Amino acid sequence: GNSVTQMEGPVTLSEEAFLTINCTYTATGYPSLFWYVQYPGEGLQLLLKATKADDKGSNKGFEATYRKETTSFHLEKGSVQVSDSAVYFCALDTNAGKSTFGDGTTLTVKP
Amino acid sequence: GAVVSQHPSWVICKSGTSVKIECRSLDFQATTMFWYRQFPKQSLMLMATSNEGSKATYEQGVEKDKFLINHASLTLSTLTVTSAHPEDSSFYICSARALTVGETQYFGPGTRLLVL
């Protein structure tokens, strides 16, 4: 079956530090890949996505590249802010329509 | 952009009562809606997939008589937790997928249920 493995957290960084959250996946076929962000007490918001190999998704300074050869979709940001503190979920969608989520990584950015 | 709403955002109820949660796609038509459950500090667990006009498909281990799902229109799905017990307390999140195949899911803000 499909699965998503995320870097375990929590991750604590100082403001303006570089962020990487690793994500690897196992899937049949050619999934679309997503990063979602969840702020405390809220639902999930789509952060970025990529639908095919070598695509780069980007939004709000975050980016991730769909790497088929390494089955990875690592999330990066060059300079994090306190407001980036949240839980980040990596996920994949197949054409069957269901999503598979990673366990989430909690990011805390300190001033 | 696509917006999905949930109502209520918070509900507290007594053990044994039933609670209905609504999920609406506000500015697009959704052939498919998904219901998830999230425990504190954990990931989302898919409970069921709801298609407009047909019966919901439940994931293994989810009691369909306990969690009743109705997808009455292309913009509304409801989840009813019947005879709620304290262990049903959780954060319930819905998502909706647009008509176009392969479209992104759009998530609702979630409903926090506390059963006393």
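Dipole magnitude for chain B: computed about the Cα centre from +1 point charges on Lys and Arg Cβ and -1 point charges on Asp and Glu Cβ, it is near 200 debye. Measuring nothing but protein heavy atoms, the accessible surface of chain B at 1.4 Å probe radius is 54 percent carbon and sulfur. In this structure, the amide hydrogen of residue A:48, modeled 1.01 Å from its nitrogen in the peptide plane, lies closer than 5 angstrom to those of A:35, counting only residues at least 5 positions away or on a different chain. Accessible surface of the stretch A:7-107, 1.4 Å probe: 46 percent of it comes from carbon and sulfur atoms.
Ignoring solvent entirely, what values of log10 I(q)/I(0) come out of the Debye formula for the protein assembly as shown at 0.09, 0.11, 0.12, 0.15 Å⁻¹ when each Cα is a single scatterer? Once normalised to I(0) and log-transformed, intensities are -0.37, -0.55, -0.66, -1.00. Accessible-area loss of 50 Å² or more (1.4 Å probe, protein heavy atoms, chain alone versus all protein chains) is found in the stretch A:79-111 for A:98, A:101.
What distance in nm separates the two pseudo spin-label positions at residue A:30 and residue A:98, each 7 Å out from Cα along the beta-carbon direction? Between residue A:30 and residue A:98, the label points sit 2.3 nm apart.
Using the 1.4 Å probe convention, the accessible area of the stretch A:1-63 works out to 54 Å² per residue with neighbouring protein chains retained. Based on Cα contacts under 8 Å between residues 6+ apart, chain B shows a relative contact order of 37 percent. Summing both sides, the accessible surface hidden between B and A at a 1.4 Å probe radius is close to 1300 Å². For chain A, the mean projected area of the C-alpha convex hull, equal to one quarter of the hull surface, is 6.5 nm².
What is the Cα centroid distance between the stretch B:1-43 and the stretch B:51-77, reported in whole angstrom? Using only Cα atoms to place each centre, the spacing works out to 12 Å. The alpha-carbon positions of chain B define a convex hull whose volume is 100 Å³ per residue.
Counting only protein heavy atoms and a 1.4 Å probe, the stretch B:2-58 has 53 square angstrom of accessible area per residue.
For the stretch B:10-47, a decrease in accessible area of 20 Å² or greater in the assembled protein chains relative to the isolated chain, with a 1.4 Å probe, applies to B:34, B:36, B:38, B:43, B:44, B:46. The amide H of residue A:11, built 1.01 Å from its N in the peptide plane, has A:106, A:107, A:108 as neighbours under 5 Å, considering only residues 5 or more places off or on other chains. Residue pairs exceeding 32 angstrom between C-alpha atoms, taken from B:41/B:64; A:56/B:20; A:56/B:41; A:98/B:66: A:56/B:20.
Counting Lys and Arg as +1 and Asp and Glu as -1 over every other residue whose Cβ lies under 13 Å from the Cβ of residue A:84, the net charge comes to 0. A cut-off of 5 Å between modelled amide H atoms, ignoring neighbours fewer than 5 places along the same chain, links residue A:2 with no other residue.
The values are calculated or read from the model by the stated rules, or taken from the named source; none is laboratory data. Fair warning: this is a prediction, and the values are worked out from it, not measured in the lab. Heads up, the Cβs are rebuilt from the backbone with ideal geometry, glycines too, and the neighbour counts pull from every protein chain shown. Surface areas here come from the heavy atoms of the whole protein model, side chains and all, with no ligands, DNA or RNA. Shrake-Rupley method; radii C 1.70, N 1.55, O 1.52, S 1.80 Å.
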